[in-house]
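First up is the structure itself, then whatever we jot down about it.
Coordinate-derived values only; no laboratory data. Since the structure is predicted, the reported quantities are computational estimates derived from the model, not experimental observations. A quick note on method: Cβ atoms are made from the backbone with ideal geometry, for glycine too, and the neighbour counts reach across all protein chains shown.
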Amino acid sequence: MSSCLFCRIVAGEIPSKRVYEDDELVAFEDINPQAPMHVLVVPRTHLATLNDLSGDHDPLVGSMVRRAAAIAADRGYAAGGFRTVFNCNADAGQTVFHVHLHVLGGRRLSWPPG
Ligand code: 5GP
Ligand code: ZN
């Protein structure tokens, strides 16, 4: 998907501050951080929204969630807490249509979300 922003970041066509990568995932700093830690974990493969997931993607999603927890732990937020968020479609505020997991931490986060 040459027109997809996160596909282009994954391909290295658009610069990002990468914090982790492997053969299925890339993680990078959000350009507009909402907390002291705000990392996005994205699959290398293009999937627009959570609605596009099938059972075949279960290992991928598991890897994304475990990587989010590992990044938070590396930064010292495991015990204090952190938040992971998948926004799906307009009512959730999704703006980039390539599945991504937000990993937020380093400040007290309120609930319910806005
Ligand atoms: P969404 O609203 O779709 O759940 O989240 C998209 C996220 O992507 C937002 O937090 C936004 O700040 C981030 N973002 C948008 N464009 C870029 C970019 O070019 N580089 C990076 N690193 N993050 C981006
Ligand atoms: Zn994409």
Of the residues that sit in the range 38-59 and are away from ligand 2 (no atom under 16 Å from the Cβ) and under 12 Å from the mean Cα position of the chain (by Cα), which one is surrounded by the fewest Cβ atoms within 10 Å (Cβ to Cβ)? HIS38
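Could you please let me know if ARG107 is farther than 15 Å from PHE6 by Cα, basic (Lys, Arg), without any contact (Cβ under 8 Å) to a residue 40 or more places away in the chain and more than 16 Å from ligand 2 (Cβ to nearest atom)?
Numbers: farther than 15 Å from PHE6 by Cα: yes; basic (Lys, Arg): yes; without any contact (Cβ under 8 Å) to a residue 40 or more places away in the chain: no; more than 16 Å from ligand 2 (Cβ to nearest atom): yes.
Taking the combined requirement at face value, the residue does not satisfy it.
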Residue among VAL42, VAL99 that alone is in contact with a Pro (Cβ under 7 Å, 6 or more places away or on another chain), among the hydrophobic types (A, V, I, L, M, F, W, C) and not in a helix (DSSP H, G or I): VAL99
Could you list, in sequence order, all residues of the range 16-37 that are part of a loop (DSSP other than H, G, I, E, B), surrounded by 15 or more Cβ atoms within 10 Å (Cβ to Cβ) and either touching a Gly at 6+ places or on another chain (Cβ under 9 Å) or without any contact (Cβ under 8 Å) to a residue 24 or more places away in the chain (or both)? SER16, ALA35
